[in-house]
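Since the structure comes first, as C-alpha cells, the remarks are kept for the end.
We did not get these values from a lab; they are worked out from the coordinates using the rules stated. These numbers were taken from a predicted model, which means no experiment stands behind them. FYI the Cβ positions are ideal-geometry reconstructions off the backbone, even for glycines, and counts take in every protein chain you see.
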Amino acid sequence: MFQVFANCPEDMGPGEIGSRAARAEAMGYDGLQVPDAVHDGLLLAAMALNATRHLLVGTGVLLAFPRSPMITAIAAWDLQKMSGGRFELGLGTQIKSNIEQRYSARWDSPVPQLREYMQALKAIFHSFQTGAPLNFEGDHYTFTRLQPFFNPGPIDHPDIPVLAGAVGPAMTKMVGRIADGMITHPTNTAPQYIREVCLPRLQAGFAQAGRDGKDFKLLLGPLTATGKDESTLARQIEKQRGLLGFLFSTPAYWPTLELLGWQDKGQQLLDMTRTGSWEKMSTIITDEVLERIIPIGSYDDIASIYRQRYEGLASRISFPMPEDPADDELAAQVITNLKA
C-alpha cells in the first residue's frame, strides 16, 4: 500500500497550478509536489491548496539558501493554517553555481547549513506556537528576536513536516537525523540504489538521533514511462531516455551510474555538454540503463511493476499524471491499485 503523489512540470506557473491540483485530487492522488524552479514554489503551493480540499501539497523541493528561514517559516505557517494542516515543506540545496550566481546567496558548507536551516525552522515554529522567546544561535543562522507583534500565533496543526532532498552520503545521513522525511532525486531512485545505498545511510542517521524511523516520510520519485497503448508508451520511453541523458550529465547525479557499473556513461554525457552535443546524449542511455533505473509498462501493468520494484522500500511513491486528461480515468485506476 502506497501513498501516491503527483508532480508538476518544472515550468508550471500560477495560471495552471490550480487546475492541476484539482485534477490530481479528482484522480485520487494523496498528494501533489509543486516545483520551485521557474516560478515561486510557495506561491504555487498556496494556489494548489486553495484549489483543493483534501490533497496534501508539498514543495519538492524549495530552494532553502536564497530564503531566510524566518521568511520560509512565516510562509509555511500561513499555508498550514489556511489549508487545515495539508502542507508539507520540502527543502533542497541546489548546486553552488546556481545559489551563488543565479540568486547571489550564500553557499557555505551545504550539509551543516541545511541542518541548521531545518533546526532554525523548528525553533521558529515552536516560538510561533507557544510564544516562547526565540533563541537559536548557530554557525550559519542566528535568530534571537521575535517581538509579539510579529508572531503569527498558534495554529491547529503546528507540526509542519519538514522534508529534504538528498543524494550524497553526508546529506542523506543528516536528513535521517534531522528531517521528517526525504524526497529522492529521479536519477537516484533505482531500487538497488534505494536498498543498498539510501536506506543504510538513513538508518545511520536514525541511529545517531535515537530515532526508529517508523514515521519518516521517504518519498520515492522515479521517472516513469507509461501510457495507455504501445505508441504512447514508446513515446514516453524516448522522452525519459532523453531526460536521463540530460540529468546524468551532472556529476552530482552519478551515484546510481557508479553503483551499477556505468561510471563511464556519466563522463561521456558531461563531455557532450562541453561540446554542445545535446541531441546525441540520449544515445548513451541504452535500454538496459532505462530498465534498471525507471519503471516501464502500460497502465495495465505499471501498478504491479511498481510493487515489484518499490514495495518494502518506502510507503510513498510518485506516479505521473497523464499528459492527456482524456487518460485520467485509466491512470486513476492505477492509483487505486497502488493504494490498495
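Expressed in nm to one decimal, what extension gain is obtained for the pair M1 and A37 from 0.36 nm per residue of sequence separation less their Cα-Cα distance?
Values: separation 36, 0.36 × 36 = 12.96 nm, distance 3.09 nm.
This chain segment gains 9.9 nm when fully extended.
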(request) With label points built 7 Å along Cα→Cβ from the Cα atoms of Q208 and D11, find their separation and express it in nm. (result) 3.9
(message) I'd like the distance between the alpha-carbon centres of the range 40-71 and the range 122-149, rounded to an integer number of Å.
(response) 21
(message) Below 16 Å, Cα to Cα, which aspartates and glutamates can K96 reach? Residues fewer than 8 away in the same chain don't count.
(response) D108
(request) Would you work out if the range 208-340 is rounded, prolate or oblate? Take a ≥ b ≥ c from the square roots of the eigenvalues of the alpha-carbon gyration tensor; rounded if a/c is under 1.5, else prolate when a/b is larger than b/c, oblate otherwise. (result) oblate
(message) Please report the antiparallel percentage of DSSP beta bridges with both residues in the chain, rounded to the nearest 5.
(response) 5
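Tell me the mean residue ellipticity at 222 nm calculated for the chain from its helices only (DSSP H runs of n ≥ 4, each -39500 (n - 2.57), averaged over every residue, nearest 500). Kindly include the intermediate steps, with their values, before the conclusion.
Details: 12 runs with 145 residues, N = 340.
Computed ellipticity for the chain at 222 nm equals -13500 deg cm²/dmol.
For R195 and L270, what does the FRET efficiency come to when R0 = 25 Å and r is the distance between their Cβ atoms, rounded to the nearest 0.05? Can you show the working numbers first?
Numbers: r = 27 Å, r/R0 = 1.08.
Given R0 = 25 Å and the Cβ-Cβ separation, E is 0.40.
Work out the FRET efficiency for T130 and Q308 from their Cβ-Cβ distance, taking R0 = 51 Å, and round it to the nearest 0.05.
Numbers: r = 47 Å, r/R0 = 0.91.
That gives a FRET efficiency of 0.65.
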(message) If you take Cα extents along the principal axes in Å from the coordinates, which of [x] 96, 58, 41; [y] 61, 42, 39; [z] 91, 56, 48 do you get?
(response) [y]
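Over the range 171-299, how many pairs of lysines fall under 18 Å by alpha carbon, counting only those 8 or more apart in sequence or from different chains? Walk me through the numbers on the way to the answer.
Values: K173/K214; K173/K217; K228/K239; K239/K280; K265/K280.
Count of close lysine pairs: 5.
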(message) With an 8 Å Cα cut-off and a minimum separation of 6 or more residues, compute the relative contact order for the chain in percent.
(response) 17
(request) Go from 0 up to the bin containing the longest alpha carbon distance in the range 277-340, width 10 Å each, and give me the % of pairs per bin. (result) 17, 42, 29, 11, 0
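What are the trypsin sites (Lys or Arg not before Pro) within the range 307-340 that DSSP puts in a loop, where the Cβ has at most 15 other Cβ atoms within 10 Å? Before the final figure, lay out each step's value.
Numbers: sites: R307, R309, R316, K339; in loops: none.
In loop regions of the range 307-340 (DSSP not H, G, I, E or B), there are no sparsely surrounded trypsin sites (Lys or Arg not before Pro).
Quick one: net charge around A48, please, counting Lys, Arg +1 and Asp, Glu -1 for every other residue with C-beta under 13 Å from its C-beta.
Working: positive: R20, R23, R53, R86; negative: E16, E25, D36, D40, E88.
Residues close to A48 contribute a combined charge of -1.
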(request) Find out how many positive minus negative residues lie around P158, taking Lys and Arg as positive, Asp and Glu as negative, among other residues whose Cβ is under 15 Å from that of P158. (result) -2
(message) Could you check the spin-label model distance between L259 and S19? Points 7 Å from the Cα along Cα→Cβ, value in nm.
(response) 3.9
(message) Using a 7 Å offset from the Cα along the Cα-to-Cβ direction at both E279 and E291, what is the distance between the two label points in nm, to one decimal?
(response) 2.9
